[in-house]
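Accompanying notes for the structure given below.
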């Protein structure tokens with residue numbers, strides 16, 4: 001659990017610092033990332049990104065589109081080789097991200113918003 005808590009806190013700190021390289025350091029090269037915001041920011045109806053370089057482009061666009069971005073963490077929920085982060089996201093939306101973790105890197109994300 002401590003490793004997942006550390007991962008979650010480092011992830012949050014990187015986002016709140018708007019540090020793209022620190023953000024990307026948490027993801028595996030073959031990351032699969034699903035988010036409704038991919039549809040909006042990337043104009044991609046699939047809502048899915050595959051690979052770290054495509055994720056870099058998406059996150060860079062997101063940081064530009066939301067310069068006031070700041071996440072507020074509410075809960076970290078541990079699973080089997082996974083963690084769910086429940087936090088306040090952009091525009092005060094509630095978010096829950098399910099992150100599948102392998103060898104200390106996030107290999108898949110499913111982002112949810114309300």
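The values are calculated or read from the model by the stated rules, or taken from the named source; none is laboratory data. Everything numeric in this text was worked out from a predicted model, so none of it was measured. Note that we place each Cβ from the backbone using ideal geometry, even for glycine, and neighbour counts take in every protein chain shown.
Of all residues in the range 1-47 being touching a strand residue (DSSP E or B) at 6+ places or on another chain (Cβ under 8 Å), without any contact (Cβ under 8 Å) to a residue 60 or more places away in the chain and in a loop (DSSP other than H, G, I, E, B), which is farthest from residue 73 (Cα to Cα)? If we take residues in the range 1-47 being touching a strand residue (DSSP E or B) at 6+ places or on another chain (Cβ under 8 Å), without any contact (Cβ under 8 Å) to a residue 60 or more places away in the chain and in a loop (DSSP other than H, G, I, E, B), then 42 is farthest from residue 73 (Cα to Cα). So for the range 51-63 (the condition being in contact with a strand residue (DSSP E or B) (Cβ under 9 Å, 6 or more places away or on another chain), part of a strand (DSSP E or B) and at pLDDT 95 or above), does at least one residue qualify? The answer is no; no qualifying residue exists.
For every residue, the table says whether it meets (1) part of a strand (DSSP E or B); (2) touching a helix residue (DSSP H, G or I) at 6+ places or on another chain (Cβ under 6 Å); (3) at pLDDT 95 or above; (4) surrounded by fewer than 17 Cβ atoms within 10 Å (Cβ to Cβ).
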site	(1), (2), (3), (4)
68	no, no, no, yes
76	yes, yes, no, no
84	yes, no, yes, no
87	yes, no, yes, no
91	no, no, no, yes
96	yes, no, yes, no
101	yes, no, no, no
108	yes, no, yes, no
111	yes, no, yes, no
